[in-house]
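Novice: The structure is given below, and queries will be raised subsequently.
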Amino acid sequence: MDPAALAALQARFGEQLSTAQAVREAHARDESRLDYHLPDAVLHVRSEEDVVDALRMAREYLFPIVPFAVGSSLEGQVVPVRGGLTLNLLGMNRVLTTEPGSFQATVQPGVTYPELNRQARRHGLFFPVDPGAEASLGGMASTNASGTGAVKYGTTRDNVLELRVALLDGRVIRVGSKARKTSAGYDLKHLFIGAEGTLGVITELTVRLWPLPAEVVVLRCNFGTVAEAAACAVMVMGAALQPERLELIDEREIHAVNVQLGRDYPERPTLWIELASPSRAALGESLSLCRDLCLDAGGQDLAVAAGTEERAAVWEARHKAYSSMVAMYPGHVNLSTDACVPLHRLPEVVAATRARCDERGLDASFVGHVGDGNFHVLFHAAPDDRAGWDAIHATYDEMMALTLAAGGTCSGEHGIGLHKQKYLAQERADTLELMREVKALFDPQGLLNPGKIFG
C-alpha cells in the first residue's frame, strides 16, 4: 500500500487502524487454512460512516478492501490475496431493533447468529440459519451461508428481508424491504447476498425470525453405507415430515467425534433427524412414522434424544465433526468440499463419490445436510504427499463432474472464494462473462475483495 494511503488512513482513523504483524497475521487466512496472505493494514470499523470513508480512500488511493468478521469461511473469501486494507466489521455488533410482532430483527453485520438468538429467545423467537461456526450475519449473507436448519427454513438468502450496502462510489443503498414480500422493481437484494463482498460492503441487515418450536425430538439411526442413509433421507423428505434438521455423518466422522468429544455413538453411517410439532401428541405421530421409514430403509439401532441437554449434545457432535476430524490428523492439510444435487439424485452421487474415494485408498469422510441434497467430503493428507494430493484433486474433480451432470451445483453453502473458481466456470459457462460485467459496473477498478469468485 502506498505510504500516502497509510498516512491518510492513520489521520482519519487513528488507533482503529493497525499495521501490527500479529493483527495482520490474524487476518491473513480463513478457517480452511489453505491460503495465507498478509493485508497491509487492518481497520477496525465502528460505524457505517467508517465503512464509507474507508471505501472513499480506497477509491482515491487505489488500494484493495477485503471485508472480514469472524473469519469462518472455508473457501478463502476473506484472504487478502492482493494485500491492501482488511475491513474488520466485528465492532459493528449491535442488534439495533427486534420486532416480535413482525418476526424480524435489524442488526449490524458483525452480530453473530448465536448472539442474535440469545436476544431473540426472550421473545420466543430464533434465527434458524445455523452454519455451525459462530459466524457473523454479514459474513453469512455475503456467502449465502446455510447449515443444519436449511432443510426447513431455507438459507441465509431466504431469511434476509433488507440490506444496507455501502458501494465503492460513495453511495449507501437500501435493497429489499422490511415487508414480508415485495414486487417493487429489480431484486437487487439477492445480487449482494452471496457476492462475497465483491460488489459492496453490507452495513446493516433486517432478518426474519421464527417462533421457537414447542415440542422437539431427535431420532438417531444407523445404516450399512452412506448411500443407504442418503436414500432414507429422500424417503423422510417424501413423507412430508418437514424435519427441522436432517443430517448425515459417516463412520469416520463418528469415530473422530467419539475420540475428541468422549462420546460412544455406534461408528456407522448415521442419520440424525430432528422433528418438531406444536403438541406432544402430534410429535409422537411424526416420530412413529419416521421410525417406520428408517426401519423400512434398513436402519438399525434407533435411539431418541428428547431432553434439551441430550439434543444439544447431538448437535454439538454434528457441529464439531469437522474440527474433530482435523484434530485426528495433526500436521495434515484438510480440504472441505461442498456439493448440492437434486434430492432424488443424492444417493447415487454420494455412492459414486464414496466409490471413487475407496478406489484410490483415500481416508475421506462424508457429512451432509442431506434433507436438501447438500453433502460435504473432507479430504486430508500430509502437505508433502504429492501422490495423495493428486488422488484427492482427481477425486474432487470427478465428484464435481458427477454433481453438475446430475443438475447440481458446485457450492450449496460455502461460496466460491478462491477454491471453487474452476468449478463455477464449468457450472456457469453461459453467464460467467455477464457476472464479470456486473462486477465491473459496481467495481470498475477491481478494488472490492479482488481475486474472489472469478480470479
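Novice: Could you name every one of the helices (runs of 4 or more DSSP H) located completely within region 295-408 that has at least 1 residues being within 18 Å of residue 260 (Cα to Cα) and not small (Gly, Ala, Ser)?
Specialist: Values: elements: 308-319, 321-328, 346-359, 386-405.
The helices (runs of 4 or more DSSP H) meeting that bar are 308-319, 321-328.
Novice: Are there any pairs with C-beta distances below 8 angstrom linking a residue in region 172-197 that is closer than 15 Å to residue 106 by Cα to a residue that is in a loop (DSSP other than H, G, I, E, B) and open to solvent by less than 80 Å² (accessible area, probe 1.4 Å), with the two at least 6 apart or on different chains, and if so which?
Specialist: 175/188; 176/188
Residue by residue, here is whether (1) over 24 Å from residue 307 (Cβ atoms); (2) open to solvent by less than 40 Å² (accessible area, probe 1.4 Å) holds:
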| position | (1), (2) |
| --- | --- |
| 237 | yes, no |
| 247 | no, yes |
| 257 | no, yes |
| 264 | no, no |
| 272 | no, yes |
| 275 | no, yes |
| 281 | no, no |
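Novice: Here is a further query. Does residue 101 meet the test of being surrounded by fewer than 21 Cβ atoms within 10 Å (Cβ to Cβ) and either closer than 24 Å to residue 4 by Cβ or free of Cβ contacts under 8 Å to residues at least 40 places away in the same chain (or both)? I'd like the intermediate steps shown before the answer.
Specialist: Details: surrounded by fewer than 21 Cβ atoms within 10 Å (Cβ to Cβ): yes; either closer than 24 Å to residue 4 by Cβ or free of Cβ contacts under 8 Å to residues at least 40 places away in the same chain (or both): yes.
Yes; evaluated as a whole, the condition is true for this residue.
Novice: Okay, next question. Residues in region 105-120: is at least one touching a Gly at 6+ places or on another chain (Cβ under 8 Å), open to solvent by 10 Å² or more (accessible area, probe 1.4 Å) and not β-branched (Val, Ile, Thr)?
Specialist: yes
Novice: Against the conditions (1) touching a residue at least 40 places away in the same chain (Cβ under 8 Å); (2) touching a strand residue (DSSP E or B) at 6+ places or on another chain (Cβ under 6 Å); (3) buried (at least 21 other Cβ atoms within 10 Å of the Cβ), where does residue 373 fall short? Just the number, please.
Specialist: Every condition holds for residue 373 apart from (1).
One line per residue, one yes/no per condition, for (1) touching a Cys at 6+ places or on another chain (Cβ under 6 Å); (2) open to solvent by 50 Å² or more (accessible area, probe 1.4 Å); (3) under 26 Å from residue 238 (Cβ atoms):
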{"residue": "284", "(1), (2), (3)": "no, no, yes"}
{"residue": "313", "(1), (2), (3)": "no, no, no"}
{"residue": "328", "(1), (2), (3)": "no, yes, no"}
{"residue": "348", "(1), (2), (3)": "no, yes, yes"}
{"residue": "360", "(1), (2), (3)": "no, yes, no"}
{"residue": "377", "(1), (2), (3)": "no, no, yes"}
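The values are calculated or read from the model by the stated rules, or taken from the named source; none is laboratory data. The structure displayed is predicted, hence computed values, not measured ones. Heads up, the Cβs are rebuilt from the backbone with ideal geometry, glycines too, and the neighbour counts pull from every protein chain shown. When the accessible area is computed, the model is the full protein with side chains, heavy atoms only, and any ligands, DNA or RNA have been set aside. Shrake-Rupley method; radii C 1.70, N 1.55, O 1.52, S 1.80 Å.
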